Amino acid sequence: MNFELSEEHKMIRDAAREFAQELKAGVIQRDEEAQFPTDFVKQMAELGFMGIMTPEAYGGAGMDTLAYVLVLEEIAKIDASAAVIVSAHNSLVLYGLNAYGTEEQKQKYLVPLAKGEKLGAFALSEPEAGSDASSQHTTAEDKGDHYLLNGTKNWITNGGHADIYLVIAQTHPEKGHKGINVLIVEKGLPGFTIGPKENKLGIRSSDTHSLLFSDVKVPKENRIGEDGFGFKFAMKTLDGGRIGIAAQALGIAAGAYNLALTYAKERKTFGKPISEHQAIQFKLADMEVDIETARLLTYKAAWTKDQGLPYGKEAAMAKLHASEVAMKHTVEAVQVHGGYGYVKEYHVERLMRDAKITQIYEGTSEIQRLVIAREILR
């Protein structure tokens, strides 16, 4: 085993770390105002982050999953909202288009998405289809040369700013999950309406919207894969997406730990830094151990995917553990800060709010345990 990063991986990590420091400017205001970081998304595109795993032939950076994880980790240490914008765009949209799209679909949609000229969103969840992703009520009625799309999607990351949407919809209800398709839908099509922005607890500068479809005509050539491939597409895509969310959770936890460590060395009580009190030392030690195990699980999941090996269990394990570590230790970071931790200017209360969603989206912790259990009992 070699736990050392390659020089290329160190370079991309350092570039992301340097960029993340720029994100710090205005991050509290963006959180308070739920302001989408448009200019920073453009900068991330210029750095290659918006197409980091997409082959260079299609406008991407042509790097591997580990490089992607390193970028997300560094960005999430400062701004988890910016991290999830990158994650949803790369893991849920570009991956699926690159892996399963036709050459025509790749040229038309993948290339501008990978270059960061356009933004992507993945539309699976519905009011009655969250963890039970097979219960799709959005329908795509086959009309010969096109589909007629009707229904509502919920909790869509990048929902308001995206240009291209991958929409999961039911075409053959009698076939259950084998009758589901995935369609490429462009913003602006007649009948396609974007609902109001959700007012969220955390990741507030990531825009989350409902999508409404009323007799939206989608050309048949915009279906990805064979008829009925949609559910399998969604499940395969989510496996990779979970690695991205694990990296986001890891970054949130590591960011909170860094703040707690710095504060503990500076804050004095009873005549000495609080880092010299055993109660604080034990908290910091537990943070270090749990964050490092989350990092190893996340990096291993990325490595497993890059080797072309089955990685569903590894992705679920990484997401489950990293998200629970993020929630646990952002709370502890607030505790280390005492009353100051409850104040926005110290950043840790925002990281604590951001951490919670990592236990919910792209598969709740309960769903991750089901995935892991099925794999180990198979």
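So here's what we get for this one:
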| read-out | value |
| --- | --- |
| Scan of the range 188-232 for residues that are open to solvent by less than 40 Å² (accessible area, probe 1.4 Å), assigned to a helix (DSSP H, G or I) and under 15 Å from Ser125 (Cβ atoms), ordered by number | Gly230 |
| Matching entry among Lys77, Lys106, Lys118 (being in contact with a helix residue (DSSP H, G or I) (Cβ under 6 Å, 6 or more places away or on another chain) and not in a helix (DSSP H, G or I)) | Lys118 |
| Residues located in the range 325-378, provided they are acidic (Asp, Glu), modelled with pLDDT of 95 or more and touching a Lys or Arg at 6+ places or on another chain (Cβ under 6 Å) | Glu332, Glu375 |
| From Ala373, Ala315, Ala355, Ala322, residue being touching a helix residue (DSSP H, G or I) at 6+ places or on another chain (Cβ under 7 Å), farther than 22 Å from Asp286 by Cα and of a type outside the set (Phe, Trp, Tyr) | Ala315 |
| Hits in the range 253-299 (condition: over 29 Å from Arg13 (Cβ atoms) and either touching a His at 6+ places or on another chain (Cβ under 9 Å) or not β-branched (Val, Ile, Thr) (or both)) | Arg267, Lys268, Thr269, Phe270, Gly271, Lys272, Pro273, Glu276, His277, Gln278, Ala279, Phe282 |
| Subset of the range 30-60 [in contact (Cβ under 8 Å) with a residue 24 or more places away in the chain and small (Gly, Ala, Ser)] | Ala34, Ala45, Gly51, Gly59, Gly60 |
| Cross-chain or 6+ apart pairs with Cβ under 6 Å, the range 76-105 first and closer than 30 Å to Lys344 by Cβ, then open to solvent by less than 10 Å² (accessible area, probe 1.4 Å) and among the β-branched types (Val, Ile, Thr) | Ala76/Ile252; Asp79/Val27; Ala80/Ile203; Ala80/Ile252; Ser81/Ile203; Ala82/Ile75; Ala83/Ile75; Val84/Ile203 |
| Filter result for Ala140 (open to solvent by less than 10 Å² (accessible area, probe 1.4 Å), under 27 Å from Arg353 (Cβ atoms) and part of a strand (DSSP E or B)) | no |
| Leading residue by the ranking (surrounded by the fewest Cβ atoms within 10 Å (Cβ to Cβ)) among those in the range 8-23 that are closer than 19 Å to Lys42 by Cβ and free of Cβ contacts under 8 Å to residues at least 24 places away in the same chain | Glu18 |
| Residue in the range 153-187 that is farthest from the chain's Cα centre (by Cα), counting only those that are of a type in the set (Lys, Arg) and in a helix (DSSP H, G or I) | Lys175 |
| Residue in the range 272-284 that is farther than 28 Å from Tyr68 by Cα, hydrophobic (A, V, I, L, M, F, W, C), outside any helix (DSSP H, G or I) and open to solvent by 50 Å² or more (accessible area, probe 1.4 Å) present | no |
| Cβ pairs under 7 Å, 6+ apart, first in the range 148-161 and more than 9 Å from Ala123 (Cα to Cα), second basic (Lys, Arg) | Leu148/Lys217; Gly160/Lys197 |
| The listed residue being open to solvent by 20 Å² or more (accessible area, probe 1.4 Å) and among the charged types (D, E, K, R), out of Arg369, Arg350 | Arg369 |
| Top-ranked residue of the range 52-96 - restricted to ones that are over 14 Å from the mean Cα position of the chain (by Cα) and farther than 17 Å from Ile12 by Cα, ranked as surrounded by the most Cβ atoms within 10 Å (Cβ to Cβ) | Gly96 |
| Pair list, Cβ < 7 Å and 6+ apart or interchain, from the range 359-378 residues that are closer than 18 Å to Leu297 by Cα to residues that are in a helix (DSSP H, G or I) and open to solvent by 80 Å² or more (accessible area, probe 1.4 Å) | none |
| Test: residue in the range 329-340 that is out of contact with any Phe, Trp or Tyr (no Cβ under 9 Å at 6 or more places or on another chain), assigned to a loop (DSSP other than H, G, I, E, B) and either open to solvent by 30 Å² or more (accessible area, probe 1.4 Å) or closer than 17 Å to Glu73 by Cα (or both) | no |
| Verdict on Ala316 being farther than 26 Å from Gln29 by Cβ, in a helix (DSSP H, G or I), in contact (Cβ under 8 Å) with a residue 12 or more places away in the chain and in contact with a Phe, Trp or Tyr (Cβ under 9 Å, 6 or more places away or on another chain) | no |
| Residue in the range 11-27 that is of a type outside the set (S, T, N, Q) and at positive phi present | yes |
| The range 174-185, residues that are surrounded by fewer than 16 Cβ atoms within 10 Å (Cβ to Cβ) and either under 20 Å from Ile85 (Cβ atoms) or in contact (Cβ under 8 Å) with a residue 12 or more places away in the chain (or both) | Lys175, Gly176, Lys178 |
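The values are calculated or read from the model by the stated rules, or taken from the named source; none is laboratory data. Since the structure is predicted, the reported quantities are computational estimates derived from the model, not experimental observations. All Cβ positions, glycine included, derive from the backbone under ideal geometry; neighbour counts span all protein chains shown. What goes into the accessible areas is simple: the full protein's heavy atoms, side chains included, and nothing from ligands, DNA or RNA. Shrake-Rupley method; radii C 1.70, N 1.55, O 1.52, S 1.80 Å.
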